[in-house]
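Here's the structure, in structure tokens; my notes come after.
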Amino acid sequence: MKNLSRKNLITLLLPSFLFIIFVFAVPIFYSIFISLHHYNILLPYHPFVGFKNYIKLFQDSVFWSSLKITLYFVVVAVTIELSLAMLIALLLNQDFKGREFLRVILMVPWAVPWVVNGIMWKWIFNSEFGVLNKLLLQIGIIEKNIKWLGKPFLALNMMIFADVWKETPFIAILLLAGLQAIPIDYYEAAEIEGANSWVKFCRITLPLLKPVTFVALSLRTIWAFKSFDLVYALTQGGPSQGTNLLNFYIYQTTFSHLDFGYGATLSLVLTIIILVITLLFYKFILTEEE
């Protein structure tokens with residue numbers, strides 16, 4: 001009977017294992033294989049080069065520049081998004097008239113496709129006829145049009161602004177779901193003990209939100225590292241490579257220069273970076289909770 005049950009279990013799990021192998025394992029190992037070759041689809045031969053692509057990566061100034069820009073983009077964007085989302089979630093968790101309507105409106109930016117979002121903000125930031133310059137001129141904050149996408153660091157921060165506008169609602173909804181799962185009895189007991197709002201937030205809300213915070217922080221960090229559509233639609237990596245995020249650099253290397261070997265190397269390094277950061281989040285957020 002036990003053997004029969006084991007066979008049934010294997011039969012049930014086999015499709016899942018095959019799915020994991022063909023969808024995840026095969027592409028990863030094939031990427032590793034390609035990264036060890038000089039793989040240009042226009043050439044008839046793809047010679048084995050060993051670790052030359054990895055050595056080239058450490059000597060690639062564009063890679064290090066893209067990595068630095070990407071880290072700045074991820075840290076600033078995710079920090080702002082998580083902070084704003086927490087405030088919005090705390091607000092929407094209160095009982096007031098029109099709360100349901102605000103919850104629906106909140107999801108509108110997140111529902112906008114990435115390419116549409118990039119094109120929309122490109123028009124808003126346009127230095128000649130963009131809405132942002134017109135608005136700031138009318139209320140007297142600026143005296144002449146500003147080229148929001150004309151300087152590398154300014155363009156990078158404008159791209160962060162567009163990212164925050166779109167992605168903050170997603171984190172807010174996740175945090176709101178976590179807030180609603182916290183029993184109200186905890187807050188009532190804290191009030192009896194004389195705890196103020198700040199103490200309740202630090203001692204009850206934040207600790208009980210750790211699992212949801214881990215999910216939100218991990219997802220947003222992964223998506224921020226993988227940002228491509230926004231760069232492609234808004235800046236094309238410019239000006240002067242100032243918004244050339246790592247994922248966009250991988251796209252240029254692979255599909256513009258047709259260097260699939262080096263592109264696979266860059267992709268694997270990006271995957272490792274994301275994996276390490278996610279594991280650090282797990283260690284410092286969920287492990288302490290356990």
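The values are calculated or read from the model by the stated rules, or taken from the named source; none is laboratory data. Just so it is clear, the model here is predicted, and its values are computed rather than measured. FYI the Cβ positions are ideal-geometry reconstructions off the backbone, even for glycines, and counts take in every protein chain you see. Note: areas computed on protein heavy atoms with side chains; ligands, DNA, RNA excluded. Shrake-Rupley method; radii C 1.70, N 1.55, O 1.52, S 1.80 Å.
Provide, for q = 0.17 Å⁻¹, the log10 of I(q)/I(0) from a solvent-free Debye sum over equal Cα point scatterers in segment 35-289. Relative scattering, expressed as log10 I(q)/I(0), comes to -1.27. Phi angles across segment 227-242 convert, under the Karplus curve 6.51 cos²θ - 1.76 cosθ + 1.60 with θ = phi - 60°, into 3J(HN,Hα) values of 4, 9, 4, 5, 5, 4, 7, 9, 10, 6, x, x, x, 6, 6, x Hz, Gly and Pro given as x.
For segment 89-123, backbone nitrogen atoms closer than 20 Å to the point 7 Å from Asp229 Cα along Cα-to-C-beta are found at 105-123. Fully extending the segment from Leu18 to Ile80 would add 18.3 nm, taking 0.36 nm per residue of separation and subtracting the current Cα-Cα distance.
Pick from Leu245, Leu137, Leu179 the residue whose mean-square fluctuation is largest in a GNM of the chain, springs joining Cα atoms under 10 Å. Evaluated over the chain, the most mobile residue of the options is Leu137. Comparing Arg103, Arg220, Arg203 in a Gaussian network model of the chain (Cα springs below 10 Å), the most mobile by mean-square fluctuation is Arg203.
Averaging 1/r over each pair of different alpha-carbon atoms in segment 22-116 and inverting the result gives 18.5 Å, the Kirkwood hydrodynamic radius. Here is the list for segment 80-158: GluC sites (Glu not before Pro) lying in DSSP coil, each with at most 11 other C-beta atoms within 10 angstrom of its C-beta, are Glu128, Glu143.
Dividing the helix sum by the residues of the chain, where each DSSP H run of 4 or more adds -39500 (n - 2.57), gives a mean residue ellipticity at 222 nm of -21000 deg cm²/dmol.
In this Cβ point-charge picture (+1 for Lys and Arg, -1 for Asp and Glu), the chain has a dipole of about 620 debye about its Cα centre.
Carbon-plus-sulfur fraction of the accessible area of segment 193-252, 1.4 Å probe, in percent?
Answer for segment 193-252 is 59 percent, counting heavy atoms of protein chains only.
Applying both filters, DSSP loop and at most 15 other Cβ atoms within 10 Å, to the chymotrypsin sites (Phe, Trp or Tyr not before Pro) of segment 92-170 gives Phe96, Phe129. A simple spin-label model places the labels of Tyr30 and Leu91 4.7 nm from each other, with each point 7 Å out along Cα-to-Cβ.
The phi torsions of segment 40-48, fed into the Karplus equation with coefficients 6.51, -1.76 and 1.60 and a -60° offset, translate into couplings of 10, 5, 7, 9, x, 10, 10, x, 6 Hz, rounded to whole numbers, with Gly and Pro shown as x.
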